[in-house]
Amino acid sequence: MPPAESELPPRESGPPFFFLHVMKTGGTAFVFNLRRNFRPGEVYPADADRASSEDLSPYVSISHLVALPAARRRVIRMYTGHFPYVATQLLDMPLRTLTLLREPVERTISVLKHFQRGFARYEAQSLAALYDDPFLFEHFVHDHQTKLFSIGAADRPETFASTLTHAQNRARHLGGADPAPPTTITVDAARLAVAKANLSRVDVVGVHAHYAAFVERLRARFGWWPDGVDASARVNVAGDAAEVDAALRQRIAADNVFDAELYEHAVGLAR
């Protein structure tokens with residue numbers, strides 16, 4: 001149920017907000033609580049932005065985001081979605097940005113379990129087998145957070161840090177043919193430097209391990225959740241704490257050194 005008008009913080013006259021929701025960093029629960037601070041239609045995507053209740057394309061599609069009509073933009077006070085940092089630049093408007101990052105080994109395990117329980121194609125496979133899936137690895141695991149903060153307009157991203165459309169992504173998860181490579185970028189030291197610089201430009205950076213502190217900083221800065229928020233609430237985390245083979249953890253750490261460095265940068269910014 002949407003909040004009553006009297007329960008909302010005063011309407012601000014500043015630029016809209018943009019929450020860069022990195023997959024499996026605690027953002028789903030955050031967005032659920034975030035909506036309590038805004039009026040119907042002020043958070044993108046709203047029901048009116050979707051073709052149906054199952055339509056997730058507005059939440060991931062950059063082309064859908066930048067094509068929003070001016071009348072719709074005038075209503076939006078908070079943009080949310082699984083978007084790379086460059087989406088905030090492509091909107092070409094003043095924004096106040098916030099994001100959450102997560103330690104890459106834990107994020108990867110959570111991502112693999114998300115796909116394992118979300119698609120019949122993956123549910124019978126082990127986490128190690130899913131980690132070895134070339135599509136999942138390159139599009140959702142391999143230095144994924146660094147990709148999101150370093151990919152640029154010249155790379156022509158459409159969903160996440162990929163040139164694939166939402167329909168193409170979903171078709172692959174449902175068992176369709178592999179897309180013709182390349183569809184995502186390769187991270188190197190130069191990309192890491194760009195990612196760090198872009199992350200430093202985000203107004204409020206939080207990390208999953210200190211989610212409550214992130215919420216408190218936003219309460220103090222913007223007056224959100226005047227009566228407090230249950231920071232322990234989580235969404236889409238079933239099974240995340242289950243024991244995972246140490247060898248797989250070691251592989252993930254070895255394969256995601258750029259993400260590990262970006263995460264340490266995020267921890268410093270969050271302090």
Got a number for residues in region 20-74 being under 16 Å from L95 (Cβ atoms), crowded, with 16+ Cβ neighbours inside 10 Å and among the aliphatic types (A, V, I, L, M)? 6
Please verify whether region 100-107 includes one or more residues that are within 30 Å of R249 (Cβ to Cβ), modelled with pLDDT of 95 or more, of a type outside the set (V, I, T) and in contact with a strand residue (DSSP E or B) (Cβ under 6 Å, 6 or more places away or on another chain). yes
If you take the residues in region 158-182 that are touching a His at 6+ places or on another chain (Cβ under 7 Å) and of a type in the set (S, T, N, Q), which one is surrounded by the fewest Cβ atoms within 10 Å (Cβ to Cβ)? S162
Test L68 against the criterion of being more than 18 Å from the chain's Cα centre (by Cα) and modelled with pLDDT of 95 or more, and give yes or no. yes
So, of the residues in region 168-188 that are touching a residue at least 40 places away in the same chain (Cβ under 8 Å) and among the aliphatic types (A, V, I, L, M), which turns out to be nearest to Q89 (Cα to Cα)? V187
Residue check, S110 against (1) touching a residue at least 40 places away in the same chain (Cβ under 8 Å); (2) within 20 Å of S150 (Cβ to Cβ), all met but one. Which one? (2)
List the helices (runs of 4 or more DSSP H) inside region 82-192, counting only whole elements, that have at least 2 residues being over 30 Å from R217 (Cα atoms) and not hydrophobic (A, V, I, L, M, F, W, C). 104-118, 166-173
Show the residue pairs meeting these rules: Cβ distance below 6 Å; 6+ apart or different chains; first residue within region 245-266 and touching a residue at least 40 places away in the same chain (Cβ under 8 Å) and among the small types (G, A, S); second residue surrounded by 17 or more Cβ atoms within 10 Å (Cβ to Cβ) and outside any helix (DSSP H, G or I). A266/L101; A266/V205; A266/V207
Close pairs from region 32-48: first without any contact (Cβ under 8 Å) to a residue 40 or more places away in the chain, partner part of a loop (DSSP other than H, G, I, E, B), Cβ under 6 Å, at least 6 apart: P40/P2; E42/R77; Y44/I76
For region 194-208: of the residues being surrounded by fewer than 16 Cβ atoms within 10 Å (Cβ to Cβ) and in contact (Cβ under 8 Å) with a residue 12 or more places away in the chain, which is farthest from F258 (Cα to Cα)? D203
Look at region 111-134 and say how many of its residues are in contact with a Gly (Cβ under 9 Å, 6 or more places away or on another chain), buried (at least 18 other Cβ atoms within 10 Å of the Cβ) and either of a type in the set (D, E, K, R) or under 30 Å from D203 (Cα atoms) (or both). 1
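The values are calculated or read from the model by the stated rules, or taken from the named source; none is laboratory data. The shown structure was predicted, so the numbers you read here are calculated from the model rather than taken from an experiment. Because the Cβ atoms are built from the backbone with ideal geometry, glycine has one as well, and the counts that use them run over all protein chains shown.
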